[in-house]
Each structure stands twice: as C-alpha cells, then as structure tokens.
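Below you'll find the structure, written out as structure tokens, and then a few comments.
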Amino acid sequence: MTRHIERQISALKEKIQRVGTLVEEAISKSITAVINLDQPLAQRVLDNDEQIDRMEVEVEEECLKILALYQPVAADLRFVVAALKINNDLERMGDLATNIAKRVGPLATGEPCELPGEIRTMAMRAEEMVRQCLGAVIHADPTLARQIRDQDDAVDDARQRVRRKVMDAVRAHPEKLENLLRINSISKHIERIADMATNIAEDVIYMVEGDIVRHRDA
C-alpha cells in the first residue's frame with residue numbers, strides 16, 4: 001500500500017508541475033503581449049487556456065481518487081489537501097493571464113496610452129514569485145515559501161501607485177478613459193497573480209510543516 005500511494009503522489013506532483021509550467025508560460029506571454037501590444041502573442045494565451053482548464057480537472061480528479069482509494073494520513077494527507085488548493089490557485093492564475101491577454105487588442109487599437117513604469121516592475125516581481133512558488137511546491141521548501149510571502153507587499157504598493165497614476169491621467173485625458181481603465185485592470189490582475197503565488201506559498205508551509213499561516217505572519 002505504501003509503495004502504491006508513493007507512486008500516486010509522485011505522479012500527482014508531476015501533473016501539478018505540468019500545470020504550473022503552462023500557467024507560468026501564460027503569465028509571461030500575457031505580460032509580454034501587453035508591454036509590446038503583441039496581439040498574436042495574446043491570442044496564443046487565449047488559445048491555450050482550455051488546456052490549463054482541462055489539466056486542472058485532471059489533477060483534481062487524481063487528488064480525489066487518492067483520498068478515496070488510499071485514505072492517506074499525516075504528511076501524505078497534507079500533500080493531497082495542499083495539492084487541491086494549489087491546483088485551484090494555478091487555474092485562477094491562468095484565468096488572470098487570459099484576462100490580461102484579452103485587453104491587448106483594445107489597448108493596441110484604442111487611444112494610445114503609455115504604460116506606467118510600475119506595471120513592468122510589478123509584473124517582473126509577480127512572475128518571479130510564480131517561479132519561486134512552483135519551485136517551493138516541487139522541492140517542498142518552506143523557507144522559499146516564506147520569502148515569497150515577504151514579497152507580496154511590494155506588489156501591492158506598486159498596484160496602488162498605478163491606480164493613482166491612472167486616476168490622474170483620467171482627469172487630464174478623459175478621451176483616453178477606456179484604455180486607462182484597461183491599464184488599471186491589468187495592474188489589478190497582476191496583483192492578484194502575486195496574491196495567488198502567496199496563497200500557494202502558504203499551502204507549501206502547511207504541506208511541509210502542518211502549520212496554517214494564512215492571515216498572520218510566519
């Protein structure tokens with residue numbers, strides 16, 4: 001029984017890694033598409049979203065099968081529970097990348113607007129947090145997970161600076177309202193991606209240490 005569940009958990013970890021890789025690529029492409037107003041690249045993100053959704057369902061089904069067939073306990077149970085939550089957050093990240101990509105076409109064809117520098121800054125940090133959280137999952141690394149949590153405030157601060165700049169620009173250039181609101185929305189989606197990475201980091205801490213650290217410092 002032990003060897004069977006070990007094989008199932010190993011296979012589950014590989015599936016989560018594949019989902020994570022697809023999501024990481026979608027985020028990177030969507031942000032690049034925004035910065036370069038690259039509509040074909042944005043379309044590739046949209047085209048790949050169904051694959052992420054399909055794999056998310058496969059991972060959830062695998063988790064439920066392990067719970068039903070093997071009734072894991074202790075560390076194995078924590079891993080499967082964490083995997084269910086991580087899988088859901090990865091799928092939500094994929095949706096956020098899709099939402100960013102959807103705004104590339106209107107941005108490219110509407111009133112020209114300069115992206116605030118903070119968009120690039122927060123995007124780079126969010127992408128790094130996603131890379132790190134996936135590494136923390138694969139290597140079961142709570143130390144790295146705590147480092148990810150520490151980075152979230154910087155993304156939140158950048159998001160607020162973007163919001164203030166957008167509001168100022170709306171007052172100065174009301175004719176650019178629609179695209180300015182799209183820029184504001186993009187910054188919100190990037191912030192949410194960083195939040196999801198933080199959620200995954202917290203799940204890693206729980207998975208390894210059995211400690212629930214949501215809503216408090218760890």
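Just so you know, all these numbers are worked out from the coordinates, no wet-lab data involved. Bear in mind the structure is a predicted one, so any value in this text is a computation, not a measurement. Cβ coordinates were reconstructed from backbone atoms using ideal geometry, including for glycine residues, and neighbour counts include every protein chain displayed.
Under the criterion of Cα pairs below 8 Å and six or more residues apart, the relative contact order for the chain equals 26 percent.
State the volume of the convex hull built on the alpha-carbon positions of the stretch 63-160, expressed per residue in Å³ and rounded to an integer.
Numbers: hull volume 11.0 nm³, N = 98.
Dividing the Cα hull volume of the stretch 63-160 by its residue count gives 112 Å³.
Note on the chain: with a GNM built from Cα contacts shorter than 10 Å, the maximum mean-square fluctuation among GLY105, GLY117, GLY20 falls on GLY117.
Summarised in one figure, the compactness ratio Rg/Rh of the stretch 2-209, Cα atoms and Kirkwood Rh, is 1.05. Taking only the C-alpha atoms of the stretch 3-103, the Rg (one decimal) and the largest Cα-Cα distance, Dmax (whole number), read 15.8, 50 Å.
Kirkwood radius for the stretch 99-218, taken over all pairs of different Cα atoms as the inverse mean of 1/r, rounds to 15.4 Å. With the highest mean first, a sort of the peptides 174-186, 75-87, 6-18 on other beta-carbon atoms found within 10 angstrom per residue produces 75-87, 174-186, 6-18.
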